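Reading through the C-alpha cells given below for one structure.
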Amino acid sequence: MRKPTVVVIGGGIAGVGAAYALANAGCPVTLVEAESSLAYHTTGRSAAIYFENYGAAAIRGLTTASRSFFDEPPAGLIDHPLLEGRGALWIGTPAKEASLRSHLADSEMTKHPGRWLGPLQAAAMVPVLRPEYLLGAVLEPEALDLDVAGLHQAFVRGLRAAGGEIRNSTRVDHLERSANTWSITAGADELAADVIVNAAGAWGDVVAVMAGATPIGLEPMRRTAFMVPGNLAYRSWPLVGDTDNDFYFRPDGSQVLCSLAEEKVSEPEDARPDELDIALAIDRINIATTLGIRAVRSSWTGLRTFAPDRAMVIGWDPKVAGFFWLVGQGGTGIQTAPAAGRLTADLITTGQVSSELAEQGVDVAGLSPDRFT
Ligand SMILES: Cc1cc2nc3c(=O)[nH]c(=O)nc-3n(C[C@H](O)[C@H](O)[C@H](O)COP(=O)(O)OP(=O)(O)OC[C@H]3O[C@@H](n4cnc5c(N)ncnc54)[C@H](O)[C@@H]3O)c2cc1C
C-alpha cells in the first residue's frame, strides 16, 4: 500500500524525531523549518536531563519507551552514548518540609525511588551547599545527562539516510486542503502532501489556525538559563534543584549552569532573558550555597510550551482530515522524543500504536487531541 507523503512543520526535536520515524516507516517526508538553522528555538535552548519520574502520567510512558533509543541508538546515527550519569538532589529549607517529603513519596511510587539525605550528607555530596540552610534533600540517582545536540543530529542523519528532505528558512504561511491533498505555502515555495505534522512548538496553535483546526490553548512559558564560572572539580555533582522549583544549578564543564526555573506565560516569540529573572536566581542560589555568584558568562531563554492539562498532544485532529498534532512538549520534549516520533509514525502509517510502545505504557488516549473536544 502507498505510504502517505508527509510535511513536518518545525525542525526542533519533536519535528526531527517524527520525520526520522516517518521516513524509516517508508513515508516520503519533507521537514520545513522557518529559521535558517534547525533547533534555533526551544530545542537549542534546553538543558536536558532525563528524569524518569517527571511530568504527567502520559508523558512518563513516552519517557520510559524512549530509553532504549538513548541506551542503544540505531547503528550509524551517533558514535557516543546519549545518556551519562548525573543524579539530582532536591533540596528544601525547614519551611519546605511538606514539599520535600511529598517529593520523596512521589518518587517512592516509581521504579527508581529517591533517597532522603540529611543536611550534612547533602553538603558532603555538593560541598557548596550550606547545611544550616537545609532541612534535608532527596537524592534521585537515576537522573541522567542527555546530549540534546547529539540526539537532534542523530535524527537528522537518520532522516537524510532514509531519503527525507529538510528545508530551512521555509516559514509556512498558508495551508489549504482540497481533494485530500494539502497545499503548503512558505513564501514563494509550494509543497503538496497527504498529511501535515504540526511540530511547531510555541507556534502550534498558530499553525493549527492556518489549517482551519481549533487551537488547543497552548501556553508557551519562559524558562531562562545562564552560565557562571565554575570549576572542573564540580563535575561529579548532581543537579541541585529547589524542591519547589525556585531555582536549580548543575555543573557544565568548567562552568555552572543555573536557572530560576521560572514558568511565565509568553507569546510565541524569539524569547530573550530578563535581567531581573537572572538576578533573582543568583540571589536564591547564593543564599543556599557558598558559590558566591557575581558574574554571568552567557544567558538564554527558551519557551516550554504546555497544553492545558500539561500532557503532550499527539494524534489526528478530530475535525480536520490529514492534520496531525505533535505539540505541548513542555519540559520533557527531549527525553520523550524517540517514542513521540515513533508514536506519530505508528498512528500515521498504521492507525494504531505498536505493541512495543503499548507495552511500555504509552497511553494513546491520554495524549490524543480528542481529549479537548
Ligand atoms: C531551560 C530549559 C530546560 C529544559 N530542560 C529539559 C529537560 O531537562 N528535559 C527535556 O526533555 N526537555 C527540557 N526542556 C524542554 C525541551 O527543550 C522542549 O520540550 C523541546 O525542545 C520542544 O521541542 P519542539 O520541537 O516542540 O519545539 P522547538 O524546538 O521550539 O521547535 C519548533 C520549531 O517550529 C518552527 N516553526 C514554528 N512555526 C513554523 C512555521 N510556520 N513554519 C516552519 N517552521 C515553524 C520554529 O521555528 C521551531 O524551530 C527544557 C527547555 C528549556 C527552555
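Computed over region 104-167, relative contact order equals 26 percent, with contacts defined as Cα pairs under 8 Å that lie 6+ residues apart.
The angle separating the long axis of helix 337-349 from the principal Cα axis of greatest extent in the chain is about 20 degrees. Given an 8 Å cut-off on Cα distances and at least 6 residues of separation, report the relative contact order of the chain as a percent. Relative contact order of the chain: 25 percent. Taking the Cα atoms only, what angle lies between the long axis of helix 13-24 and the longest principal axis of the chain, rounded to 10 degrees? Between helix and principal axis, roughly 50 degrees. Among the chymotrypsin sites (Phe, Trp or Tyr not before Pro) in region 135-204, none sits in a DSSP loop with a Cβ that has at most 13 other Cβ atoms within 10 Å.
Each Lys and Arg Cβ is given +1 and each Asp and Glu Cβ -1; about its Cα centre, region 1-100 then shows a dipole of about 280 debye. Can you tell which of V353, V29, V320 shows the greatest fluctuation in a Gaussian network model of the chain with Cα springs below 10 Å? Looking only at V353, V29, V320, the largest GNM fluctuation is found for V320. With contacts taken as Cα pairs under 8 Å and at least 6 residues apart, region 14-102 reaches a relative contact order of 12 percent.
Charge dipole of the chain (Cα centre as origin; +1 on each Lys and Arg Cβ, -1 on each Asp and Glu Cβ, all else neutral): 360 debye, rounded to the nearest 20. Reported to the nearest whole Å, the Cα centre-to-centre distance from region 22-55 to region 136-176 is 3. Treating each Cα of the chain as one equal point scatterer and applying the Debye formula with no solvent, the log10 of I(q)/I(0) at q = 0.09, 0.10 Å⁻¹ comes out as -0.51, -0.63.
Other residues with beta-carbon under 15 Å from the beta-carbon of T93 carry, at +1 per Lys or Arg and -1 per Asp or Glu, a net charge of -2. Taking other C-beta atoms within 10 Å as the exposure proxy, R222, R272 rank R272, R222 from fewest upward. The trypsin sites (Lys or Arg not before Pro) of region 72-175 that meet both conditions, a loop assignment by DSSP and at most 16 other Cβ atoms within 10 Å of the site Cβ, are K111, R171.
F70 sits among other residues whose Cβ lies under 14 Å from its own Cβ, and their net charge, with Lys and Arg +1 and Asp and Glu -1, is -4. Here is the tail figure for region 219-353: Cα pairs spaced more than 20 Å apart come to 56 percent of all pairs. Taking every alpha-carbon pair in region 7-114 and binning the separations at 10 Å intervals from zero gives 11, 31, 33, 17, 7, 1 percent. Simple rule: put +1 on each Lys or Arg Cβ and -1 on each Asp or Glu Cβ in region 161-297, find the dipole, and look at H174, A279, Y234; the Cα lying farthest toward the positive end is Y234. Dipole magnitude for region 252-373: computed about the Cα centre from +1 point charges on Lys and Arg Cβ and -1 point charges on Asp and Glu Cβ, it is near 160 debye. Local charge for S354 was computed over the other residues whose Cβ lies under 13 Å away, with Lys and Arg +1 and Asp and Glu -1, and equals -2. At q = 0.14, 0.17 Å⁻¹, what is the base-10 log of I(q)/I(0) for region 90-223 according to the Debye formula with one equal point scatterer per Cα and no solvent? Please give it to two decimals. The computed values of log10 I(q)/I(0) come out as -0.84, -0.98. The H on the amide N of Q329, modeled in the peptide plane, is under 5 Å from the matching H of T305, each at least 5 residues off or on a different chain.
Treating the angle as unsigned and between 0 and 90°, give the value, to the nearest 10°, between the Cα long axis of helix 97-108 and the longest Cα principal axis of the chain. Relative to the chain, helix 97-108 is tipped by roughly 50 degrees.
With 5 Å bins beginning at zero, the pair-distance distribution over Cα atoms of region 140-215 amounts to 3, 11, 18, 19, 17, 13, 9, 5, 3, 2, 0 %.
Values in this text are rule-based calculations from the coordinates and carry no lab data. Keep in mind it's a predicted model, so treat the numbers as computed, not measured. Here Cβ is always computed from backbone atoms with ideal geometry, including for glycine, and neighbour counts include all displayed protein chains.
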